[in-house]
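Read-outs: derived from the displayed coordinates by stated rules, not from any lab. A quick note: this is a predicted structure, and the numbers were derived from the prediction, not measured. Ideal geometry is used to build each Cβ from the backbone, glycine not excepted, and the neighbour counts take in all protein chains shown.
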Amino acid sequence: MNVGQEEMVRSLREMVGEDYVNTDVFERINYADTSLPYDVEEEDLPDVVVHPGNAHEVAEVVKYANREKIPVTTYGSGTSLIFGTKPKHRGITLSTKRLNFFQIEEDFQWFECGAGVTIAHITGELEKRGYCLPINVGSRLQATIGGAVSVNTCGHLMDYIYGKPVSNVLSVEIVLPTGEIIQTGSKSIRRATGWDLMRLFVGAEGILGVITRIRMAFYPKPETVDTVAFFKTAEEIGHAFALMFKKKLPPILDGEFVSEKCCKVGYEAYGLDFPEGAMAVTQSMGRTKEDALNNAKQVADFLRRAGAIESFVLEDAKIRGQVWGVRENAMRWGKEKGLKGYLAIEVNPPLPFLPRAIRELNHITEGRNDLIGGTEAYLYGHIGASSLHCLFAFPYAWSREKMKQVVRDIWNLEKDLNIKYDGVGGDWGQLPYRVPFYREKYGETSYGIIKKVKQLLDPNNILNRGNLEGEE
Amino acid sequence: MKDEIRKEEKLDKSLETSLMDSLVSCEKCHLCNTDCPVCDHRVTHGPVGINRAIYYGMKWNQFTKELRDLVYSCTTCARCVATCKQVSRALPLVEIFEKARELLLVEKMIGPMPDQRNVLKNIYRRGNPWGCPPQERTKWAEGLDVFYASKKNNVETLYYVGCATSYDPQSQKIAKNLSKILKRAGIDFGILENEQCSGSEAKRMGEKGLFEHLAETNMKMFEEAGIRHIVTGDPHSFYSFSQEYPNRTNGLKVEHYTQFLNRLIDEMKLTLSMRVPKKVTYHDPCYLGRKSEVFEEPRKLIKRIPGVEFVEMEKCKENSDCCGMGGGRMWMEPPKGLVSSHVIAEKRVKQAFDTAAEILLTACPFCNITLTDAVKGLNKEDSLKIIDITELMAMSL
């Protein structure tokens, strides 16, 4: 870094205006703090937070940072669960929140928007016109489209319905680490074959450029009908879903599950008298409500045949609300035992390994003498997308070092499980904490290729510095 | 003296401990920032940002003006509380912010906001935030033949008017219209000759001690006048009386007028007969709606006025946006860089314009004042009138 904070602030204010450059300690804390259970320290804070209002201002900031070799961490809404927005080398945190342009082009069948627009806003606007966004993340109220496209996540949705964002993004505008602005892609719903630079940036987790504008296809909003099934164990749910695809049932949009322990907590919280055990919820779709209902009935029948104690279509709005309430209660697990520290992981096993992976995760803390053994684990996830989440809760009173250690142990456990079950990080991205997993799974040659691409586009390693290196 | 100091230290420690206990429960999911009226493009300006600022402020001993400005910027509308309850850890965020204000005011002596200092003094000395003469509090009732509630008069219902409605000329219409309606229904009601502030706004600004003093004084006054039933048109006082006053369940029934008047219509004591052919919409006051969960009664009352065409705004009931003046913001404008109250109010009236209604109804003097100013600021007084439900009802008597 060639300049100090004062000089940096002066220059940035000239580029984006005084109101959009902040050095207040609480601002810097908020843009450094993540949902990691341990607190940030003074050395974790960025030197300055900048809020550019358009691609040209972003380009000015990045060009300046590149010239002065100042690290730049891109920040959408801070909902990342891989903690990519935490600055590893101070410098500038660049918020995309003011990139909030939004326009639907119904004739073209796409929308175009700034990277800072939230998933909820896009979903709401599309739904008003009878369309849907092929992304549904749990943090949709705050998560930005720029963040989702950067990690290429479709969230809870089944990958094979609409695909990942890389299949639906038609174009991205990118500010390169050297400050040039490039346009990619197409205005046609027919995307380019062969070399399409757009694909290089979607899922690059912000290390190759700053995405400032996105053009993306949308779909007619399907009618949906939900189904619930109660099983004795979560493992049985794994068996059922591993089999479901081979039965060629009408594809579901979303399939969620909640393990025995989580159900117990949820049922108690809501005073529900559901059958003891684990619960699966699916969302069937159709062009009409009748289509969706027929498809849902087929799923309910199948799940019953596959071992569910009880399964039925959720036609009663009150029961439907209660069922989803149990699933959405996830953020409160651990609270019933007074545990306030927490960390979640994801394991994405191939279908045949689902039951075994569920069984292992469901008993993951048992018989362990390490720190993980001292946590309380809660298993849930997007079973339809073969995505298993496990939330580890532990006392907040643990020391920072102890928390850091348990976090490392849990990340290491996630790595080992994904290696063992041939899984990937399917929801949240690969950097920074998953770098050891990536290197082990794909090897040093693959990892080296990414480093070379990074070096080529970002010679001074200014963008999201430390993420590709796997720094905490 | 030493005992008193020790007692105070213990209280302060307990406040800090309970604050910290709530703060560490935050999952930092950021979802509470959604729809927060004071949150702009900066994460720091939303509930999660304020929450983290308090946490690190306490942890790093950074009790600065910047922290105070953030903590006092909240309108206490509780939109974040509803979101956190629905999708996250159900944190009592407004309670956290009010406790932080108490900490900043009582212990750290950097609260409240400079403009609010005199407001608290006025409440203490003159019984109202504006420092108006106490003897003029009931002036609005002159010539209306409204009784004073006392042991001797033994009225069935106390109409608690509230500070804004007592003194603000625009809000006085609420008192006059409500009195007219109650009289028409034959209700034996009275007002307090020495009514004073409920203390609700003092609590919002972190002056819990003043709130407790006023609560005690008011409860004593109610008891001395033999009051068993209170009706008010001020949702802030309504919330404090029904949910914050000590011994509030001690046989004292508290109603907002929207609840009471519906009951009177049900019991055939009140009839609305004149047609009022107006297209109207309704703004849910935060302290009546989200905080007290009174959503249906105002709507029911509006729909009972013959001729009225009622339309909802896109954001209504639990999801209603705030007018921007709660939480003590009535008496201060946040420093540069933070979202101004006018911006919040203008956003809300623009939602009303989208309904093509002629009248935006509300049931709170604060909202009434704020939204009226916003319409004036937008030069749209000819397109949209802001009035209280009582005014529309009075037209129908």
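At 0.36 nm per residue, and after removing the present C-alpha to C-alpha distance, how many nm does the segment from A:Thr365 to A:Asp159 gain when stretched out fully?
71.1 nm
Among B:347-360, A:206-219, what's the highest-first ranking by average C-beta atoms within 10 angstrom per residue?
A:206-219, B:347-360
Taking a quarter of the surface of the Cα convex hull of the range A:338-420, what do you get in nm²?
5.3
Just want to confirm a number: the relative contact order over chain A, from Cα pairs under 8 angstrom separated by 6+ residues, in percent.
That works out to 16 percent.
Once the Cα atoms of helix B:341-353 and of chain B are each reduced to a long axis, what angle between those two axes, in degrees from 0 to 90 to the nearest 10, is obtained?
Roughly 40 degrees between the two axes.
Give me the distance between the Cα centres of the range B:147-171 and the range B:47-78, rounded to whole Å.
Answer, in whole Å: 37.
What size of dipole, in debye to the nearest 20, comes out for chain B about its Cα centre when the only charges are +1 on Lys and Arg C-beta atoms and -1 on Asp and Glu C-beta atoms?
140
Step through the residues of the range B:228-236 one at a time and calculate ³J(HN,Hα) from phi using the Karplus curve (6.51 cos²θ - 1.76 cosθ + 1.60, θ = phi - 60°), rounding each to whole Hz and writing x for Gly and Pro.
10, 9, 10, 10, 9, x, 10, x, 5
For the protein assembly as shown, what is the percent of antiparallel DSSP beta bridges, rounded to the nearest 5?
Here the antiparallel bridges make up roughly 65 percent for the protein assembly as shown.
In the range B:115-266, how many lysine pairs have Cα atoms under 16 Å apart, counting only pairs 8 or more places apart or on different chains?
9
Local charge sum around A:Pro355 (other residues, Cβ-Cβ under 12 Å, Lys/Arg +1, Asp/Glu -1)?
-1
What fraction of the Cα pairs in the protein assembly as shown, stated in percent, has a spacing above 49 angstrom?
Of all Cα-Cα distances in the protein assembly as shown, 26 percent exceed 49 Å.
Label the range A:88-229 by shape, choosing from rounded, prolate and oblate, from the square roots a ≥ b ≥ c of the eigenvalues of the Cα gyration tensor; if a/c is under 1.5 it is rounded, and otherwise prolate applies when a/b is larger than b/c, oblate when it is not.
Prolate shape, in that a/c is at least 1.5 and a/b is the bigger ratio.
Report the local net charge at A:Gly124: Lys and Arg +1, Asp and Glu -1, summed over other residues whose C-beta lies under 11 Å from its C-beta.
Counting the neighbours of A:Gly124, the net charge comes to 0.
Report the net charge of residues surrounding A:Pro222, where surrounding means a beta-carbon distance below 13 angstrom and charges are Lys +1, Arg +1, Asp -1, Glu -1.
Around A:Pro222, the charge tally is -3.
Amide H neighbours of A:Tyr219 under 5 Å, counting only residues 5+ apart in sequence or on other chains, H built in-plane at 1.01 Å?
Long-range HN contacts for A:Tyr219: A:Cys132.
Residue-wise, which Karplus ³J(HN,Hα) couplings in Hz belong to the range B:373-386, taking 6.51 cos²θ - 1.76 cosθ + 1.60, θ = phi - 60°, and x for glycine or proline?
After applying 6.51 cos²θ - 1.76 cosθ + 1.60, I find 4, 5, 5, 4, x, 8, 6, 10, 4, 6, 8, 9, 9, 10 Hz.
Just subtract the alpha-carbon distance of A:Arg408 and A:Lys289 from 0.36 nm times their residue separation and send over the number in nm, one decimal.
That works out to 38.2 nm of additional length.
Taking θ as phi - 60°, what are the ³J(HN,Hα) couplings along the range A:438-448 by the Karplus curve (6.51, -1.76, 1.60), each to the nearest whole Hz, with x for Gly and Pro?
Taking θ as phi minus 60°, the curve returns 4, 5, 6, 6, 9, x, 5, 5, 4, 4, x Hz for the range A:438-448.
From other protein chains only, count the Cβ atoms within 10 Å of every residue's Cβ in A:45-51, then give the mean.
Per residue, the number of nearby Cβ atoms from other chains is 1 on average.
So if we plug the beta-carbon distance of A:Tyr442 and A:Asn54 into 1/(1 + (r/R0)^6) with R0 = 35 Å, what FRET efficiency do we get, rounded to 0.05?
Computed FRET efficiency for A:Tyr442 and A:Asn54: 0.40.
Evaluate the range A:37-106: find the radius of gyration of its Cα atoms, find its Kirkwood radius, and give the ratio Rg to Rh.
Computed over Cα atoms, the ratio is 1.04.
How big is chain B by Rg and Dmax over its Cα atoms, in Å?
Values for chain B (Cα only, Rg and Dmax): 21.1, 69 Å.
Check B:Phe310: other-chain or 5+ apart residues with amide H under 5 Å from its amide H, H built from backbone geometry?
B:Val280
Would you calculate the separation in nanometres between label points at A:Asp316 and A:Phe101, each defined as 7 Å from the Cα along the Cα-to-beta-carbon direction?
Using points 7 Å along Cα→Cβ, the separation is 5.1 nm.
What is the gain in length, in nm to one decimal, between B:Trp60 and B:Tyr124 on full extension, counting 0.36 nm per residue of separation less the C-alpha to C-alpha distance?
Separation in residues times 0.36 nm, less the Cα-Cα distance, equals 19.7 nm.
Given a Förster distance of 25 Å, report the FRET efficiency between B:Phe310 and B:Leu378 from their Cβ-Cβ distance, rounded to the nearest 0.05.
Given R0 = 25 Å and the Cβ-Cβ separation, E is 0.60.
What number do you get for chain A when its Cα radius of gyration is normalised by 2.2 N^0.38 Å, N = residues?
Scaled against compact globular proteins, the figure is 0.99.
Calculate, for B:Asn153 and B:Phe353, the FRET efficiency according to 1/(1 + (r/R0)^6) with r their C-beta to C-beta distance and R0 35 Å; round to the nearest 0.05.
Efficiency at R0 = 35 Å is approximately 0.15.
Under a crude label model (7 Å from the Cα following the beta-carbon direction), how far is B:Gln243 from A:Val453 in nanometres?
Result for the modelled spin labels: 5.2 nm.
At each listed q (0.21, 0.27, 0.30 Å⁻¹), what is the log10 of I(q)/I(0) that the Debye formula gives for the range A:282-329 modelled as equal alpha-carbon point scatterers?
With no solvent term, the Cα-only Debye profile gives -0.80, -1.06, -1.09.
If amide H atoms are built 1.01 Å from N in the plane of the peptide, which residues on other chains or at least 5 residues away come under 5 Å of the amide H of B:Tyr148?
HN-HN under 5 Å from B:Tyr148: B:Ile191.
Would you mind putting B:256-265, B:233-242, A:74-83 in packing order, based on average other-beta-carbon counts within 10 Å, highest first?
Sorting B:256-265, B:233-242, A:74-83 by mean packing, highest first, produces B:233-242, A:74-83, B:256-265.
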